[in-house]
There are 2 protein chains.
Amino acid sequence: QVTPRPEAAPGARPGFRAPARIISPEIMPDNKVTFRVYSKDASKVTITGEWQTGPGGVEELVKNDTGMFSITVGPLKPELYAYNFTVDGVKALDANNVQVRRDGTNYQNFFIIPGPESDLYFHKNNVPHGTVTKVWYKSSVIGFDRRMYVYTPAGYEGDTQRYPVFYLLHGAGGDEDAWTNMGRTAQIMDNLIAQGKAKPMIVVMTNGNANQAGAQNEVPPVPVTQGQQGIPSGSGMTGKFEEHLVKDVVPFIEKNFRALTGKDNRAIAGLSMGGGHTQTITNDNPGMFSYIGVFSMGIMAGRQQGADAEKIEKERDAKIEALKKSGYKLYWIACGKDDFVYQSALTLRNTLDKHNFKYVYRESTGGHTWANWRIYLSEFAPMLFK
Amino acid sequence: QVTPRPEAAPGARPGFRAPARIISPEIMPDNKVTFRVYSKDASKVTITGEWQTGPGGVEELVKNDTGMFSITVGPLKPELYAYNFTVDGVKALDANNVQVRRDGTNYQNFFIIPGPESDLYFHKNNVPHGTVTKVWYKSSVIGFDRRMYVYTPAGYEGDTQRYPVFYLLHGAGGDEDAWTNMGRTAQIMDNLIAQGKAKPMIVVMTNGNANQAGAQNEVPPVPVTQGQQGIPSGSGMTGKFEEHLVKDVVPFIEKNFRALTGKDNRAIAGLSMGGGHTQTITNDNPGMFSYIGVFSMGIMAGRQQGADAEKIEKERDAKIEALKKSGYKLYWIACGKDDFVYQSALTLRNTLDKHNFKYVYRESTGGHTWANWRIYLSEFAPMLFK
């Protein structure tokens, strides 16, 4: 309620907002999009957006003599696009667009161009919606209470049925909010289930940073005395998260939600760092998950060399053999042609090939992007529990 | 993952964020606070924040010769403060502060000065946390599926106990997200319950705008053909929301959550427009809620005059008499001395006095602010279900 917005109509009552008088973004019937920023005082306004490709990727808005900056881009193909303005060197949100998402510590506006490619993650009013629960649970492995998001399918509240469970892991920089916020998991699952393409299932989205209790925008860092040493980067790489998913998360879900149990009712997938977590968890726990997805990740060249590297490789070989014998149903690897982790995904495939380990490889265009991870989710989920 | 942030360290890998190198806000031990914005190109950066009082309420940052703008304010008393920068006439978030909240369509950064006054809504890692559920439900009255937030107290998942239910309504401009996001309901209830001050209870936070299916930043407007005519402002004033709370929301909660039933296990309160909803709902349904809270609202002078006004007053008189006889346990009115609705709260008190209707009046300092509503919640919740 603070002070009225600068653009509030003259005489507007404090605490009540005037409707925005500037339309931005304006999506035209031909899928061109116009952005507007009003300022008499600013000299230069640029926009950075996900439709831009190649180096630089910045476009400048043009100022007219009333002080309105604008630019029209496109036509854009149907997709979700995030963007930000930069006003005289400072990043700014579009004050006229209520759609904002958080990518780690970075806030961005976004909009969706409707069409076949974006249809699956569009929120539809005429489709039954699942519930998203932000639930806290005890972690014996990490040492403090932690938060995760749980999607339960439409109808869960009204029935007594049990459902299979899909554990869906985020990448570095993200947290338990990433898959719903950036990945639009709830919309994708709602739509896939409504169309009969995916089975109704519970989707569990954890926080992969073992030094965090919950999303960094809502939950203050845990003091060192209460848990682990804070590790600002690479906190997902300590092995603690993986152990805790198996020992803390899965038992909590199977006790407190109406979950089906046993490997054929458990799936796991992750993107980037979460794809690393997925490999560690499934390598270390053969027979726990029958459906395994590694999105935009593979086997990274390790830091160890010589004897250590040989030992790690030997251990991995033994684990892959054990996983092979466990009777999993699907091992799905997806990567973009232009992804900077492409080589690691190739190393994973070569390693599995060496063991005649059956997997499905899906190569997409593009790189290390949420556009790809939404596509991978929408392709992976329909293959589960069938 | 777009492009790296402008302040990313040179050579940072795209898609991975460098730690912010600018500290803003920086809270000093004496509760002075420094804000920083870096830009070689900007001419003028101002800040608007909730610590500012009086007209204007804008302070200008000073630029040094490296391009760093800064300002130090305070010392500030312990409280949550929202703020925004304006850079050459355009509103901008603080890119170095991950704490962002949404007030309707307006995004703001915030920070908390720790201390006794803010202690109750501070997230504490060593306190058990309740679950917040974003649940969809059918609305026969409004005609389309709608979303609400439900807080269940810590331990709800592990036990079989039933809990009393508190329905908590937001004001104009807000939606089902307002009480958790702006009002910090989850933190307040966690802390009150942990301290033994409030009984463990379920808190239900609905969307009071009958033209919305869900929060405006996540759920697109419902097309007219699917439901009611969209009413951009005053959509909470049609009477539909109140009817739907009684006929749709309460039965859904009592069927799908482990809720205790009967009037002594139901409380309702609302702020501003939600205080109006609360009056309508409890006037129209005597014997449904034993605990009633009207925050920063009262009886507004109506638009009707003459015979119509007389009729409305007569009907209200009859309803207040019926409510009086229903055996409610608490009717709590709270208002700030400087609130622009102060007169309406006085009219409500005078009206109730005329009927010898028992109520408790709590007058605070300040106005129509979330700072007050957090205080009112923290005082009202401990009086419930005892």
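Values quoted throughout were computed directly from the atomic coordinates according to the rules given, and no laboratory measurement underlies them. Quantities reported herein were computed from a predicted structural model and do not represent experimental measurements. All Cβ positions, glycine included, derive from the backbone under ideal geometry; neighbour counts span all protein chains shown.
Among beta bridges identified by DSSP and lying wholly in the protein assembly as shown, the antiparallel ones come to about 60 percent. Computed from Cα positions, the angle between helix A:273-284 and the longest principal axis of chain A comes to roughly 10 degrees.
Just to confirm a number: summing +1 for Lys and Arg and -1 for Asp and Glu over residues other than A:Asn356 whose beta-carbon lies under 11 angstrom from that of A:Asn356, what do you get? Spelling it out: positives minus negatives among the neighbours equals +1. Inter-copy label distances at B:Leu260, 7 Å along the Cα→beta-carbon direction, one decimal in nm, shortest first? Going from nearest to farthest copy, the values are 3.9 nm.
The relative contact order of chain A comes to 12 percent, based on Cα pairs under 8 Å that sit 6 or more residues apart.
For the pair region A:179-224 / region B:148-165, the C-alpha centres are spaced 21 Å from each other.
In percent, rounded to a whole number, the relative contact order of region A:272-316 is 42, using alpha-carbon pairs under 8 Å and six or more apart.
Legend: residue pairs B:Lys197/B:Lys263; A:Lys255/A:Lys325; B:Lys40/B:Lys91; A:Lys63/A:Lys91; B:Lys124/B:Lys197; B:Lys240/B:Lys319, Cα-Cα distance threshold 25 Å; pairs beyond threshold, A:Lys255/A:Lys325.
Once C-alpha pairs closer than 8 Å and six or more residues apart are averaged by separation and normalised to the residue number of region B:26-113, the relative contact order reads 29 percent. A helix-only calculation puts chain B at -6000 deg cm²/dmol for mean residue ellipticity at 222 nm, using -39500 (n - 2.57) for each DSSP H run of at least four residues, averaged over all residues. Note on chain A: along the principal axes its Cα atoms extend 71, 51, 48 Å, ordered by decreasing extent.
Of all the options A:His170, A:His129, A:His355, the one that moves most in a Gaussian network model of chain A with Cα springs shorter than 10 angstrom is A:His355.
Size of region A:26-113: Rg and Dmax of its alpha carbons, in Å, are 12.7, 38. Overall, the protein assembly as shown carries a charge dipole of about 1440 debye about its Cα centre when +1 sits on the Cβ of Lys and Arg and -1 on the Cβ of Asp and Glu, all other atoms neutral.
Legend: mean number of C-beta atoms from other chains within 10 angstrom of residue C-beta atoms, peptide A:312-320, equals 0. Averaged over peptide B:134-143, the number of partner chain Cβ atoms lying within 10 Å of each residue's Cβ comes to 3.
Within the listed set B:Thr53, B:Thr206, B:Thr351, the Gaussian network model of chain B (springs between alpha-carbon atoms below 10 Å) gives the highest mean-square fluctuation for B:Thr53. In nanometers and ordered shortest first, the copy-to-copy spacing of the A:Gln161 label point, defined 7 Å from Cα toward Cβ, is 3.2. Computed from point charges on the beta carbon alone (+1 for Lys and Arg, -1 for Asp and Glu), the dipole magnitude for chain B about its Cα centre is near 740 Debye.
Counting, for every residue in B:105-114, the Cβ atoms of other protein chains within 10 Å of its Cβ and taking the mean gives 3. Using Cβ point charges alone (K and R +1, D and E -1), the dipole size of region B:315-361 about the Cα centre works out to roughly 240 debye. Put +1 on the Cβ of every Lys and Arg and -1 on every Asp and Glu Cβ in the protein assembly as shown; which of A:Met68, A:Gly302, A:Thr280 then has its Cα farthest towards the positive end of the dipole? Of the listed residues, the answer is A:Thr280. Since only B:Tyr151, B:Asn256, B:Ala334 are under comparison, the one whose Cα sits farthest along the positive direction of the charge dipole of chain B, derived from C-beta charges on Lys, Arg, Asp and Glu, is B:Asn256. Over all other residues within a Cβ to Cβ distance under 9 Å of A:Pro164, the charged ones net out to +2, with Lys and Arg as +1 and Asp and Glu as -1. Expressed to the nearest 5 percent, the antiparallel share of DSSP beta bridges inside chain B is 60 percent. Charge tally for A:Ile71 (other residues, Cβ to Cβ under 14 Å; Lys, Arg +1; Asp, Glu -1): 0. Using the Cβ-Cβ distance between A:Asn356 and B:Lys386 with R0 = 56 Å, the FRET efficiency computed as 1/(1 + (r/R0)^6) comes to roughly 0.25. Our note on the geometry: Cα centres of region A:242-292 and region A:104-130, 27 Å apart.
Of B:Phe289, B:Phe144, B:Phe122, the residue with the greatest mean-square motion in the GNM of chain B, using alpha carbon springs below 10 Å, is B:Phe144. Computed across the protein assembly as shown, the Kirkwood hydrodynamic radius from all distinct Cα-Cα pairs reaches 27.7 Å. Between copies, the label points at B:Asn217 (set 7 angstrom from Cα along Cα-to-Cβ) are spaced 0.6 nm, reported in nanometres from shortest to longest.
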